[in-house]
Amino acid sequence: MKFYFWCSLYADDAAILFENKDDLAGGSRMLFDHLRRFGLKMHVGPISNPKKSKSVFMYVHKASGSPSDGDRTPIPNVGGGVIPNVRKFKYLGSTIHESLNDFTDVASNIGKATGAFNLLKRCLFASRDVEMKSKVTFYEGLILALLLYASECWTSYASHLARLQRFHHDCVRTIAGVNRHVQWIRRISMKALFKKTKLRPLELYISRRKLRWAGHVMRMDMSRLPRRFFSSWIQKPRKRYGQWLTWGHAIRKQMDRNGLDRKQWSIQARDRLCWSEGTLRGRFKPRKSLRGRNVEIFYESGEVRVHQPYRRQRKRHTLYVETDEWFSGDVARETTNANGDIEIDVRHDDGVFRYVLKKWRWRIPPPPPVTAPDDE
């Protein structure tokens, strides 16, 4: 299934893609006039000072080009103002650079986390009057939240990870009450400091966020853009002399480190409770067979071909579904082909639905809430 991505809309923010400078100039003027029809105003900068504009554009060069190839002059005559060019901008809390790497975003997060940690260093993290448990709680809830914001989408290069680790290790030393000199004199390892403070290495925090986000996207509907991007690729030939590290390569590394099977992890991600427990512990339990478990299938309105529920009757009949809704059934059979791909058949009152993983959307329903008995 092919799809075209041309814009990203969120609340009152929008990011729109254009192929060249002429289309960008014409599209900006059309967008300004269109929003004005609904009483909305697109903020542009004055001609005397274009930097005051909240609407900006960024040039991203091709893989075979260079940053100096693009025309970076401001776009004139947009509602009486201009739209300037920038090399980086902030969108939904993340800093996007024209090189499309994560170095700028990582540096920005380190700066924010450093400022917050220094403000609370003397009164909280380096104070001897505060318990270790309280320090760790504040550090994980505040400092790590600033440091690893949007880390679910990072490709995690070794250089990025080294800078993040250095900041994390400095914070752990401060919380433990030692410095680098004392650590070197007494030969204290970082493993001992992690054990003392009950903190974890930074790779575990990043891995937890990446896998948790991957499971969340896998449970999304296929009509959502994150779900489409998750299992899509650009139909372009591979370039010579090696490939850039992508997010897909990074998430596969995290799966290998956590002992996940690449061909079966999507089935485990459907079970939200087990997936959350696995990401929290840093290790996953072996996948159990789906046979006999209750699953839900999404039936779209229209005609659906199903098999007879009895083994002797192998004929198929047509089931007409009036509205789009979820129906539940039990897994009658689970098979694995020579390539390691898994398929299941689901038994329902109307028949047996074969090859559910390929044909239909499905999910594992959450367990019912447990209610405590009333005290008499």
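So the values come out like this:
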{"quantity": "Fewest-first ranking of 86, 106, using other Cβ atoms within 10 Å as the exposure measure", "calculated": "86, 106"}
{"quantity": "Structure-derived volume of the Cα convex hull per residue in Å³ - corresponding label in [x] 183; [y] 284; [z] 139", "calculated": "[y]"}
{"quantity": "Highest-MSF residue in the chain out of 39, 177, 70 [GNM, Cα springs under 10 Å]", "calculated": "39"}
{"quantity": "Neighbourhood net charge (12 Å Cβ-Cβ; Lys/Arg +1, Asp/Glu -1) for residue 82", "calculated": "+3"}
{"quantity": "Local net charge near residue 26, Cβ-Cβ under 15 Å (Lys/Arg +1, Asp/Glu -1)", "calculated": "-3"}
{"quantity": "Stretchable slack from residue 38 to residue 327, in nm (0.36 nm times residue separation minus alpha-carbon distance)", "calculated": "99.9 nm"}
{"quantity": "Fraction of antiparallel bridges per DSSP, the chain only, in percent to nearest 5", "calculated": "95"}
{"quantity": "Fewest-first ranking of 196, 288, using other Cβ atoms within 10 Å as the exposure measure", "calculated": "288, 196"}
{"quantity": "Packing-based order for 237-248, 181-192, 160-171, using average beta carbon neighbours within 10 Å, highest first", "calculated": "160-171, 181-192, 237-248"}
{"quantity": "Neighbour-count ranking [beta-carbon atoms within 10 angstrom, fewest first] of 129, 102, 324", "calculated": "129, 324, 102"}
{"quantity": "Most fluctuating residue given options 19, 98, 334, as computed from a GNM of the chain linking Cα atoms under 10 Å", "calculated": "19"}
{"quantity": "Dipole magnitude of the chain about its Cα centre (Cβ charges: Lys, Arg +1; Asp, Glu -1), debye to nearest 20", "calculated": "1780"}
{"quantity": "Full-stretch length increase - residue 246, residue 23 - with 0.36 nm per residue and alpha-carbon distance subtracted", "calculated": "77.4 nm"}
{"quantity": "Rounded Å value of the spacing that divides the Cα centres of region 190-211 and region 117-171", "calculated": "11"}
{"quantity": "Selection from 188, 142, 118, by position along the positive dipole direction of region 103-199 (Cβ)", "calculated": "188"}
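Readers should treat all values here as calculations from the given coordinates under stated rules, not as data from a laboratory. As the structure is a computational prediction, the values presented were derived from the model and not from experiment. In this analysis, Cβ positions are derived from the backbone assuming ideal geometry, glycine residues included, and neighbour counts consider all displayed protein chains.
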